[in-house]
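The values are calculated or read from the model by the stated rules, or taken from the named source; none is laboratory data. Note that the coordinates shown come from a computational prediction; the quantities given were computed from them, not determined experimentally. All Cβ positions, glycine included, derive from the backbone under ideal geometry; neighbour counts span all protein chains shown. Just so you know, the surface numbers come from the protein's heavy atoms only, side chains and all, with ligands and any DNA or RNA stripped out. Shrake-Rupley method; radii C 1.70, N 1.55, O 1.52, S 1.80 Å.
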Amino acid sequence: MTVPSSLAAILQRTELFKPEQIATVLEKSVQSGQGITATVVAEGVASEPEYLAALARALNLPYRELDAATIETAVLEKLPTKAVFQHNVLPLAIENGALLVAASDPFTPGLTDSLRLASGMRVRLVLAASSDIARTAKKRYGVGAETVEQLIQDNRIEVEDDAAKFKTELNEDDQEASIVKFVNQIIWEAYQERATDIHFEPMEKELRIRYRIDGVLHATPLPPQLMRFQAAILSRIKVMATMDIAEKRLPQDGRIGLRIRGEDIDIRVSTMPTVYGESVSLRLLLRGKQHIGLPELGFNPRDRGLIEKMIRRPNGILLVTGPTGSGKSTSLYAFLHEINSVEDRIITVEDPIEYEMAGINQIQVRQEIGLTFATALRHILRQDPDIIMVGEIRDFETAEMAIRASLTGHLVLSTLHTNDSAGAVTRLIDMGVEPFLVASSLEGIIAQRLVRRLCPACRKPVAVDEALAAELHLDPEARLKARIYEANGCEKCRHTGFRGRLGIFEVLAVNDAIEPLIVSRAPVSALKQRAIADGMRTLREDGWAKVFDGTTTVEEVLRVTEETE
């Protein structure tokens, strides 16, 4: 490429700058050392893609978006991983004996010479956005690839079952520093992707790492040599969680406290021995996370009105039901946040305490010393509470204590694992609670599921198909007028088409019509039919409403609800 002698002249040819801006950008670029491209963006001259496209025209270079780029493995191997991540560049192809390399700042001193020496080939630059390069490099080489390459170059430890030898190696400062760096990179990546869980899963020929994002697992691209350091990585996590690194035959639980960008993150760690080594799961909980309020949960006006009445009653039980991971705890915290005041004494007993809330007394269950839900609940009643939140009703003893508390003038909030709202009644009766006690203490039951929220930036409208129209009893005219959306995928949503989640709900209010059915041990179907006659919207019906207001998709509703709903 032919480069004019003056950087100012090149920038002038982009037609993006005022005369005084060019001098400012060049001066600040030298002072900060962050490069011309980053300085142009920081000064607000133009967005990075806009600037690079104009610069490419000025320099007669190609400008590319890399999301759909197909790059052969042989091309990726032309540059050392360390050089790729250090300079934030990416080899794209070999054309006419030259290596095409994507870069976001062609004016980095010595960049072309460094790449030529590293690859042993002539180098031609292609301009691309830095975030585009970083994302594609991570996808092609894997998270933490440069750290793994450094471990291999320095001839560091490989996977061994000999615990004694492994412990000796781990004590070396340089070894430990590199493994620490890799584990930190994995956690940082998960935090950036808004993951709630990280799973380290040893397979026969690889160590697989997956993130759970918006309730769905996504495989993380990783360097192929990672399995060589499986023992070191898993033991580093166990050290961070104060576990016994020599014990690999029994499951263990631990906890890690981290601070990322000023946010305290509580990580629950669980290990489980498997055929190919220990599987390790990390649950990420943001301690300082802003609590979701009642308006943000997504209740329709009828259901929200019922909930607001229920949580302000002086006594009774309000249950939230659903499978693991359906957002039950989030709903309970939203209710507590709504009614939290200096006039009421609120005590919770949880396992674990997922979020800390000011003004509330929170108790952590400790099974190993006998502090169970039932035991804690028994003693809470002597603490003069107004409102009690029990993390989960698991057995007859806890259920009995919760009902006793509600009948003696306390509002009790809790969760139960059932598929729908009416099923919670039979579950309590199956536990051994007398039907008349269930009828007199229950105020309401909320069944809920979580569906992924469509990314508003890239969702696309589609027609309502015949099957959905038939299920919703839409006539041809209504079907034509109805508008629904499906997932598409863009950079903002990690090309999944979704960003965040929202709840779909089924709110059953226990009224004078429902109570006799409970006392007579009526089947679940009869309870549900009566509630629907009273105006209850089922989970699936609430899901369809959210499909038609453009917040989720038909497939998401079908994924989390049953046909009978």
Yes or no: G503 at pLDDT below 95 and in contact with a strand residue (DSSP E or B) (Cβ under 6 Å, 6 or more places away or on another chain)? yes
Conditions (1) open to solvent by less than 80 Å² (accessible area, probe 1.4 Å); (2) outside any loop (DSSP other than H, G, I, E, B); (3) not charged (D, E, K, R): number failed by V433: (2)
Can you find a residue that is at pLDDT 85 or above, open to solvent by 60 Å² or more (accessible area, probe 1.4 Å) and more than 24 Å from A98 (Cα to Cα) anywhere in region 57-74? no
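Scan region 316-351 residue by residue and report those that are assigned to a strand (DSSP E or B) and either out of contact with any Asp or Glu (no Cβ under 8 Å at 6 or more places or on another chain) or among the polar types (S, T, N, Q) (or both).
L319, V320, T321, I347, T348, V349, E350
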Let me confirm something: among E541, E491, E486, which residue is free of Cβ contacts under 8 Å to residues at least 60 places away in the same chain and under 26 Å from D214 (Cβ atoms)? E541
Could you check how many residues of region 362-374 are of a type in the set (S, T, N, Q), farther than 14 Å from R394 by Cα and either touching a Ser or Thr at 6+ places or on another chain (Cβ under 7 Å) or part of a helix (DSSP H, G or I) (or both)? 1
Inside region 200-213, can you point out the residues that are under 22 Å from T330 (Cα atoms) and either part of a loop (DSSP other than H, G, I, E, B) or not hydrophobic (A, V, I, L, M, F, W, C) (or both)? Y211, R212
Pairs, please: C-beta under 9 Å, at least 6 apart or cross-chain, first residue within 17 Å of A137 (Cα to Cα) and touching a residue at least 40 places away in the same chain (Cβ under 8 Å) and in region 92-119, second among the charged types (D, E, K, R) and open to solvent by less than 40 Å² (accessible area, probe 1.4 Å)? S104/E48; S104/D132
Matching entry among E20, E15 (being part of a loop (DSSP other than H, G, I, E, B) and surrounded by fewer than 17 Cβ atoms within 10 Å (Cβ to Cβ)): E15
Lone qualifier among A482, A533, A478 - being of a type in the set (G, A, S), modelled with pLDDT of 90 or more and open to solvent by 20 Å² or more (accessible area, probe 1.4 Å): A533
The one condition R228 fails out of (1) open to solvent by 20 Å² or more (accessible area, probe 1.4 Å); (2) more than 30 Å from D549 (Cα to Cα); (3) charged (D, E, K, R); (4) outside any helix (DSSP H, G or I) is (4)
